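These notes are about the structure you will find just below.
The values are calculated or read from the model by the stated rules, or taken from the named source; none is laboratory data. It should be emphasised that the depicted structure is a prediction, and the values quoted were computed from it without experimental measurement. Backbone-built Cβ (ideal geometry, glycine too); neighbour counts: all protein chains shown.
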Amino acid sequence: MQGKKHVGYFKIPQQHLTHINYAFANVNKDSGEVHLSDKWADVEIHYEGDSWNDQGNNMYGCLKAIYLMKKQNRNLKILMSIGGWSFSPIDYEYPKSASDAQGYVDLLRELRNALVNLARSKGRPDGQYQLTVAAPCGAEQVGILKIQEMDQVLDFWNLMAYDFAGSWDKVAGHQAALYNDDPNGNSVDRAVKMYLGAGVQPYKLVVGMPIYGRAFCNTDGPGRPYKGVGKGSWEDGMWDYKALPQPGAQEFNDHRLGASWSYDPQKRTMISYDTQPIVTQKAHYINQLGLGGVMWWELDADKTEESGGNLVRTVREQLGQLEWRENELNYPHSREYLRGAAA
């Protein structure tokens with residue numbers, strides 16, 4: 001069934017999602033082998049209800065927890081994110097030349113062929129396993145990509161439609177604005193239209209939204225000079241959405257630009273982030289253009305559903321029918337727990 005994709009990365013409201021991107025796996029630069037980046041968290045840590053007395057070679061950790069979610073929600077698919085953050089990207093940020101772009105295409109083709117062969121070996125349809133990329137939204141980076149060739153092997157594109165403004169800029173700005181007064185400035189709409197113009201079908205474009213904010217200190221607000229970014233939830237200048245707005249700050253929503261922020265006049269600090277009214281506006285935009293859905297970075301930063309401020313649920317209520325595509329539970333070559341747990 002054709003419907004919207006709702007892609008998340010982490011405390012997991014799985015009933016609202018179609019996909020989870022599990023980030024990140026690493027790549028051995030010598031062999032090309034993909035391997036887990038945090039074995040303890042991925043497969044070893046015991047959560048509540050896990051026994052220390054099990055016999056055999058069993059899997060625990062986040063991957064066991066996610067497997068149990070897949071059993072509860074047969075529409076929940078798990079995509080392994082390879083690279084990204086501090087690893088070698090298919091979160092490739094970014095090909096710098098035509099040869100890089102061609103190498104990217106070649107890699108994706110090899111991956112697609114391997115996934116098709118795996119599906120056939122298990123008696124599954126060729127498209128059983130999905131292949132996606134985290135795609136840039138800046139004109140320079142998009143212009144280097146061989147989009148039509150990539151699109152032939154990708155199931156969908158996760159547009160990283162955030163980080164349009166930050167500590168690298170001279171003035172405070174909107175990090176994920178839907179529109180921009182500057183026709184050459186970054187925005188969600190400009191990025192979407194670049195990919196559409198390159199021939200990507202609307203239903204294959206999934207719009208990324210941030211669940212975090214970027215701070216600008218010693219400023220009078222958007223478009224004004226600033227000095228420093230201050231502290232943050234996990235990195236200087238980076239705040240989890242669940243910590244916003246900060247005490248003493250007021251929220252602002254500019255629906256003309258599709259942008260929101262908070263401002264503390266005493267501290268003269270602006271934090272750019274998406275609020276519920278703005279993610280609702282973006283969801284309407286996605287529906288109007290027939291785009292493929294929404295991707296979030298990252299789920300752990302969201303407010304609880306009980307608070308009434310949860311962004312994931314806010315958007316889920318606007319998207320309408322979610323795509324239905326049954327997941328897979330049969331892993332005959334995996335650890336003993338998974339081999340015996342599919343029933």
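Would you check if there is a residue in the range 90-101 being crowded, with 18+ Cβ neighbours inside 10 Å and part of a strand (DSSP E or B)?
Yes, the range 90-101 has at least one match.
State all residues of the range 217-234 that are within 14 Å of TRP261 (Cα to Cα) and of a type in the set (Gly, Ala, Ser); if no residue qualifies, say none.
GLY221, GLY223
Yes/no per residue for (1) closer than 30 Å to SER81 by Cβ; (2) of a type outside the set (S, T, N, Q); (3) at pLDDT 95 or above:
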{"residue": "PRO202", "(1), (2), (3)": "yes, yes, yes"}
{"residue": "GLY213", "(1), (2), (3)": "yes, yes, yes"}
{"residue": "ASN218", "(1), (2), (3)": "no, no, yes"}
{"residue": "GLY230", "(1), (2), (3)": "yes, yes, yes"}
{"residue": "SER233", "(1), (2), (3)": "yes, no, yes"}
{"residue": "LYS267", "(1), (2), (3)": "no, yes, yes"}
{"residue": "ILE286", "(1), (2), (3)": "yes, yes, yes"}
{"residue": "GLY293", "(1), (2), (3)": "yes, yes, yes"}
{"residue": "TRP297", "(1), (2), (3)": "yes, yes, no"}
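Of all the strands (runs of 3 or more DSSP E) wholly in the range 208-275, which have at least 1 residues that are among the aromatic types (Phe, Trp, Tyr) and buried (at least 18 other Cβ atoms within 10 Å of the Cβ)? Can you show your working first?
Working: elements: 212-216, 238-240, 250-254, 259-264, 269-272.
So the answer is 212-216, 238-240, 259-264.
Inspect all residues belonging to the range 301-308 and state whether any of them is at pLDDT below 95, surrounded by 13 or more Cβ atoms within 10 Å (Cβ to Cβ) and part of a loop (DSSP other than H, G, I, E, B).
no
Applying the selection to the range 139-170, what residues are small (Gly, Ala, Ser), within 13 Å of VAL192 (Cβ to Cβ) and not in a loop (DSSP other than H, G, I, E, B)?
The one that is small (Gly, Ala, Ser), within 13 Å of VAL192 (Cβ to Cβ) and not in a loop (DSSP other than H, G, I, E, B): ALA139.
Kindly check whether there is at least one residue in the range 76-84 that is farther than 22 Å from ALA114 by Cβ, in contact with a strand residue (DSSP E or B) (Cβ under 6 Å, 6 or more places away or on another chain), modelled with pLDDT of 85 or more and surrounded by 17 or more Cβ atoms within 10 Å (Cβ to Cβ). Give the steps one after another, and end with the answer.
Step one: list which residues in the range 76-84 are farther than 22 Å from ALA114 by Cβ, which gives 76.
Next, only the ones that are in contact with a strand residue (DSSP E or B) (Cβ under 6 Å, 6 or more places away or on another chain) stay: none.
No, that holds for no residue.
Can you confirm whether the range 106-116 contains a residue that is outside any helix (DSSP H, G or I), of a type outside the set (S, T, N, Q), within 14 Å of VAL153 (Cα to Cα) and modelled with pLDDT under 95?
no
Of everything in the range 104-162 that's closer than 22 Å to HIS19 by Cα, within 22 Å of the chain's Cα centre (by Cα) and β-branched (Val, Ile, Thr), which residue is surrounded by the fewest Cβ atoms within 10 Å (Cβ to Cβ)?
Filtering the range 104-162 for residues that are closer than 22 Å to HIS19 by Cα, within 22 Å of the chain's Cα centre (by Cα) and β-branched (Val, Ile, Thr), the one surrounded by the fewest Cβ atoms within 10 Å (Cβ to Cβ) comes out as VAL153.
So CYS62 passes all but one of these: (1) surrounded by 14 or more Cβ atoms within 10 Å (Cβ to Cβ); (2) within 22 Å of VAL153 (Cβ to Cβ). Which condition number does it fail?
Status for CYS62: all satisfied but (2).
Tell me which residues, restricted to the range 17-41, are outside any loop (DSSP other than H, G, I, E, B), modelled with pLDDT of 85 or more and either surrounded by 19 or more Cβ atoms within 10 Å (Cβ to Cβ) or of a type in the set (A, V, I, L, M) (or both).
Once the filter is applied, which keeps residues that are outside any loop (DSSP other than H, G, I, E, B), modelled with pLDDT of 85 or more and either surrounded by 19 or more Cβ atoms within 10 Å (Cβ to Cβ) or of a type in the set (A, V, I, L, M) (or both), the range 17-41 yields HIS19, ILE20, ASN21.
Under 6 Å between Cβ atoms, which residue pairs at least 6 apart in sequence (or on different chains) link something in the range 310-327 that is more than 28 Å from GLN128 (Cα to Cα) with a partner that is of a type in the set (Lys, Arg)?
ASN310/LYS303
All but one of (1) in contact with a Leu (Cβ under 8 Å, 6 or more places away or on another chain); (2) at pLDDT below 95 hold for ALA135, so report the exception by its number.
Going through the list (1) in contact with a Leu (Cβ under 8 Å, 6 or more places away or on another chain); (2) at pLDDT below 95, ALA135 breaks only (2).
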